[in-house]
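Have a look at the structure below before the remarks.
The values are calculated or read from the model by the stated rules, or taken from the named source; none is laboratory data. Keep in mind the model is a prediction, meaning the values are calculated, not measured. A quick note on method: Cβ atoms are made from the backbone with ideal geometry, for glycine too, and the neighbour counts reach across all protein chains shown.
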Amino acid sequence: MSGNCGAAGEDFAASLLRRKGYEILCRNYHSRYGEIDIIARNSEYLVFAEVKTRDENYQVSPLEAVTAGKQKKIYKTALLYLQSNPTPLQPRFDVIAIVMKPDRRTVGSAEHIENAFTRGGYY
């Protein structure tokens, strides 16, 4: 998977969330623990979304790349974000899996898993 493939996947994921009524607050939020690809909100949730993009010939599903270690880093980064950006919204951790066509510009499929994991939990 090239960097272009990942950027195209994140762009598609952001547009998918917008179409579902979410407002994108931040992309590629960094902390000392790691990065959150997209932070978005709707009237009920503040969503921390991990986007995983692979081309269709990749041997491993994008969902398999969201390991327990990765989840822990996202959770810690989200806590830091919430300390600086208090909100009455319920935090939620989503995963958006994007599979690209061989041209690496066209999305073959996308799966948005809401509430994909919780602290210490798995989807």
Practice prompt. For region 81-101, name all the residues that are at pLDDT below 95 and in a loop (DSSP other than H, G, I, E, B).
Written response: Lys101
Worksheet item: Are any of the residues in region 58-74 of a type outside the set (D, E, K, R), more than 25 Å from Gly108 (Cβ to Cβ), at pLDDT 95 or above and surrounded by fewer than 13 Cβ atoms within 10 Å (Cβ to Cβ)?
Response: no
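Restricting to region 18-57, count the residues that are of a type in the set (A, V, I, L, M, F, W, C) and under 20 Å from Ser109 (Cα atoms). Break it down stepwise before answering.
Looking only at region 18-57, we keep the residues that are of a type in the set (A, V, I, L, M, F, W, C), and these are 24-26, 36, 38-40, 46-49, 51.
This time we only want the ones that are under 20 Å from Ser109 (Cα atoms), so: 38, 49, 51.
Number satisfying all stated conditions: 3.
Among the residues of region 7-48, how many are part of a helix (DSSP H, G or I), among the hydrophobic types (A, V, I, L, M, F, W, C) and in contact with a strand residue (DSSP E or B) (Cβ under 8 Å, 6 or more places away or on another chain)?
Residues of region 7-48 part of a helix (DSSP H, G or I): 7-19.
When the remaining residues are screened for being among the hydrophobic types (A, V, I, L, M, F, W, C), the result is 7-8, 12-14, 16-17.
Then keep just the ones that are in contact with a strand residue (DSSP E or B) (Cβ under 8 Å, 6 or more places away or on another chain); that gives 8, 12-14, 16-17.
The qualifying residues number 6.
Filter region 49-80 down to residues that are among the aliphatic types (A, V, I, L, M) and assigned to a strand (DSSP E or B) and give me whichever is nearest to Pro102 (Cα to Cα). Spell out how you get there, then give the answer.
Going through region 49-80, the residues among the aliphatic types (A, V, I, L, M) turn out to be 49, 51, 60, 63, 65-66, 68, 74, 78-80.
Imposing the further condition that a residue be assigned to a strand (DSSP E or B) reduces the set to 49, 51.
Numbers: Ala49: 25, Val51: 19 Å.
Only one residue fits best here, namely Val51.
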Response to the item:
Per the list (1) among the hydroxyl-bearing types (Ser, Thr, Tyr); (2) free of Cβ contacts under 8 Å to residues at least 40 places away in the same chain; (3) buried (at least 18 other Cβ atoms within 10 Å of the Cβ), residue check on Thr77 breaks on (2)
Worksheet item: In region 80-111, what residues are surrounded by 14 or more Cβ atoms within 10 Å (Cβ to Cβ), β-branched (Val, Ile, Thr) and more than 13 Å from the chain's Cα centre (by Cα)?
Response: Val99, Val107
Fill in: Which numbered condition Arg104 misses (of (1) touching a Phe, Trp or Tyr at 6+ places or on another chain (Cβ under 6 Å); (2) among the basic types (Lys, Arg); (3) outside any strand (DSSP E or B))
(1)
